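Report on one structure; see the data block that follows.
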Amino acid sequence: TQRRFVADAAHELRLPLTAISLQAEGLGNVGLTAEASERLAAMRTGIGRCQALIDQLLAMARAREHLYGEPASVVVSDVLREVLESLLPAAEAKDVDLGLAEGEGVLVTAPPMAVQIILKNLLGNAIRYTPAGGRIDVLVRRGSAGVAITVVDSGPGIPADEWDRVCDPFYRCKGDDTQGSGLGLAIVRTIATNLGGHLRLGHADPSTAKGLSATVFLPD
């Protein structure tokens, strides 16, 4: 009942927020003072954060209820290209080198939407935490037990004692002041578990304990 309420509330909030966003865009076309323009920019940022949170709440509700379609044969690199296209502006704004390091043409049997949500959340997190001029690699490998999708970034990483906690909804690492919902890894772990797989976190560079390596294992 609580999950259904959250999903319904998030859905109902999307329309008025979209209307407010459009009104804010309209104000941008009117001659404003410097102070008014600054306040409008802050309002747009706040609206954007609310919209992102609502989208994540809906994604979490769908993940918990397995609402992402039927399994199919999916080429992971094809889904990755679609996700990269949507995230490219954010990566370019930080001059982040983002791409597929290996795994072209690897197939996985899973709902296409589930694979898309997994990649979008892992890459969205990586872009958010990778510093300007950093690098993000995606590696897709097929093994005897299924497919592993790994996103490796050159960001600050997550302390090992918080790897479990960061997968809890709304949990933020100590000292984390980035803008985000705190739901990305929780959504990824929920979907992976629903599909019979799991999420594993680690350091991109174990010698320095820097960067994050996030791997989703999906069975055949």
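Tabulated data
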| read-out | value |
| --- | --- |
| Filtered residues of the stretch 206-216 (kept if touching a residue at least 24 places away in the same chain (Cβ under 8 Å) and more than 17 Å from the chain's Cα centre (by Cα)) | A209, K210 |
| Y171, sole failed condition from (1) within 20 Å of I127 (Cα to Cα); (2) assigned to a strand (DSSP E or B) | (2) |
| Evaluation of R189 against (1) closer than 22 Å to L87 by Cβ; (2) part of a strand (DSSP E or B) (one fails), failing number | (2) |
| Positions within the stretch 158-177 being touching a helix residue (DSSP H, G or I) at 6+ places or on another chain (Cβ under 9 Å), modelled with pLDDT of 75 or more and open to solvent by 60 Å² or more (accessible area, probe 1.4 Å), in sequence order | F170, R172 |
| Test for E102: is it within 30 Å of K210 (Cβ to Cβ), free of Cβ contacts under 8 Å to residues at least 12 places away in the same chain and over 16 Å from the mean Cα position of the chain (by Cα) | no |
| Among the residues listed as D137, D168, the single one being under 22 Å from A91 (Cα atoms) and acidic (D, E) | D137 |
| Some residue of the stretch 64-73 being crowded, with 16+ Cβ neighbours inside 10 Å and closer than 30 Å to P111 by Cα | yes |
| Selection from the stretch 102-147 of residues that are of a type outside the set (V, I, T), open to solvent by 60 Å² or more (accessible area, probe 1.4 Å) and not in a helix (DSSP H, G or I) | E102, E104, L107, P131, A132, R135, R141, R142, S144, A145 |
| Search result, residues across the stretch 74-93 that are open to solvent by less than 50 Å² (accessible area, probe 1.4 Å) and hydroxyl-bearing (S, T, Y) | S77 |
| Residue match in the stretch 121-134 (condition: out of contact with any Pro (no Cβ under 8 Å at 6 or more places or on another chain) and among the hydroxyl-bearing types (S, T, Y)) | yes |
| Residue tally, condition touching a helix residue (DSSP H, G or I) at 6+ places or on another chain (Cβ under 7 Å) and open to solvent by less than 60 Å² (accessible area, probe 1.4 Å), over the stretch 195-211 | 2 |
| Residue in the stretch 29-44 that is part of a helix (DSSP H, G or I), closer than 23 Å to N125 by Cβ and modelled with pLDDT of 80 or more present | yes |
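The values are calculated or read from the model by the stated rules, or taken from the named source; none is laboratory data. The model shown is predicted, which means the values in this text are computed figures rather than measured ones. Positions of Cβ are generated from backbone atoms using ideal geometry, with glycine treated the same way; all protein chains shown enter the neighbour counts. Accessible surface is based on the protein model in full, side chains and every heavy atom, while ligands, DNA and RNA are left aside. Shrake-Rupley method; radii C 1.70, N 1.55, O 1.52, S 1.80 Å.
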